1. How do 317-326, 174-183 rank on mean C-beta neighbours within 10 Å, highest first?
2. Which ³J(HN,Hα) values in Hz, rounded to whole numbers, follow from the phi angles of segment 38-49 under the Karplus curve 6.51 cos²θ - 1.76 cosθ + 1.60, where θ = phi - 60° and Gly and Pro get x?
3. Taking 7 Å along the Cα-to-C-beta vector as the label spot, tell me the Tyr49-Thr70 distance in nanometres, rounded to one decimal.
4. Mind jotting down the distance between the C-alpha centroids of segment 152-194 and segment 26-101, whole Å?
5. Residue-wise, which Karplus ³J(HN,Hα) couplings in Hz belong to segment 76-91, taking 6.51 cos²θ - 1.76 cosθ + 1.60, θ = phi - 60°, and x for glycine or proline?
6. Want the number for Thr124 to Thr249: 0.36 nm per residue separation, take away the alpha-carbon distance, what's left?
Amino acid sequence: MRTQEPGFWDDRVKSDEVMKRVKANKKWVSSFDKVHAANEELSLALEYYKEGIVEEADIDNAYAAALRQTEEAELANMLQGEEDQLSAVLKIVAGAGGTESQDWAQMLMRLYQRWAEAHGYKVTVANLQDGDDAGIKTVTFQIEGDTAYGYLKSENGVHRLVRVSPFNAQGKRMTSFASVFVTPLVDDTIEVYVDPSKVSWDLFRSGGAGGQNVNKVETGVRLRYQYTDPDTGETEEILIENTETRKQTENRENAMRLLRSQLYDRELKRRNAAKAKIEASKKKIEWGSQIRSYVFDDRRVKDHRTGYQTSNVQAVMDGDIDAFIKAYLMEFGAPEPKE
């Protein structure tokens with residue numbers, strides 16, 4: 001076994017890369033074993049039913065279990081890209097509309113935090129800007145764990161809220177928008193070149209009341225990177241703020257990691273035009289551009305890309321979005337055929 005070879009652990013980057021592949025292979029073997037065992041149980045239940053040993057309900061239960069395991073394996077098969085296995089960086093930005101949109105952005109933040117916690121992912125807020133009166137203007141946080149990006153890439157786009165606004169004295173029905181951007185969080189096994197001559201730093205003292213689960217910090221860093229598109233030659237400034245810890249050096253390291261994640265994401269989109277719509281299709285946060293609508297008074301949440309919808313609005317707002325993720329991946333996440 002390679003892990004037992006002399007000197008294997010001396011090169012941490014290479015050893016980590018090998019262990020990632022080992023872990024991925026083990027996951028596939030485990031998935032196959034679960035599907036195989038569930039189908040064996042179903043076959044056995046049918047035989048026992050014919051012999052009068054079990055009831056029809058037992059067959060239904062065995063069938064449901066086999067179907068669940070098969071669908072989980074099928075869904076995992078939609079996540080075969082290198083980037084799909086990574087953790088994620090999720091950024092939420094409130095659209096035009098003041099307090100109402102800022103409140104909606106905070107509701108989305110809670111939604112994704114609840115989803116991440118339910119799946120055992122670690123959530124770390126890198127930067128948060130409070131709203132003027134309520135809610136948030138923007139937040140960036142890391143969701144760390146296997147395949148977090150693979151699942152959350154389905155959330156890229158504009159999210160539309162329709163409700164009777166608690167901030168409107170006339171009780172009018174209001175429409176608000178917030179954008180969600182998701183990029184893969186790179187690790188040490190992925191090489192990303194950052195041109196040091198294009199990096200500049202600003203320091204600032206963070207302010208505001210912060211929010212739930214947000215570190216109260218004294219010093220923040222602002223990273224500016226002059227990115228040049230290799231295809232068009234156009235230059236764009238990438239701006240990243242980090243107020244994650246009380247130590248300036250750690251905030252610098254975290255900001256650089258977020259920059260590497262963005263650069264990696266851009267390179268992925270250059271390699272595969274089909275994936276360019278993930279972030280290149282950033283539209284204005286307004287009518288007609290939304291990927292999903294949350295209509296509270298009609299008790300309906302609908303994804304406009306897949307057509308999937310549910311009437312259980314409260315469950316969705318509590319982080320139950322797996323059905324939306326699954327519908328997206330089954331329609332758009334099929335692995336590309338190998339040549």
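Any read-out appearing in this document is the output of simple, stated calculations on the displayed coordinates, not a laboratory observation. Bear in mind the structure is a predicted one, so any value in this text is a computation, not a measurement. Here the Cβ is made from the backbone with ideal geometry for all residues, glycine too, and neighbour counts use every protein chain on show.
1. Numbers: 317-326: 18.2, 174-183: 22.4.
Per-residue mean Cβ counts within 10 Å order the peptides as 174-183, 317-326.
2. 5, 6, 5, 4, 5, 4, 5, 5, 5, 5, 5, 5
3. 1.4
4. Between the Cα centre of segment 26-101 and that of segment 152-194, the gap is 27 Å.
5. Whole-Hz 3J(HN,Hα) from phi for segment 76-91: 4, 5, 6, 10, 9, x, 4, 5, 5, 7, 8, 6, 10, 10, 10, 10.
6. Working: separation 125, 0.36 × 125 = 45.00 nm, distance 1.71 nm.
Residue separation times 0.36 nm, minus the Cα-Cα distance, leaves 43.3 nm.
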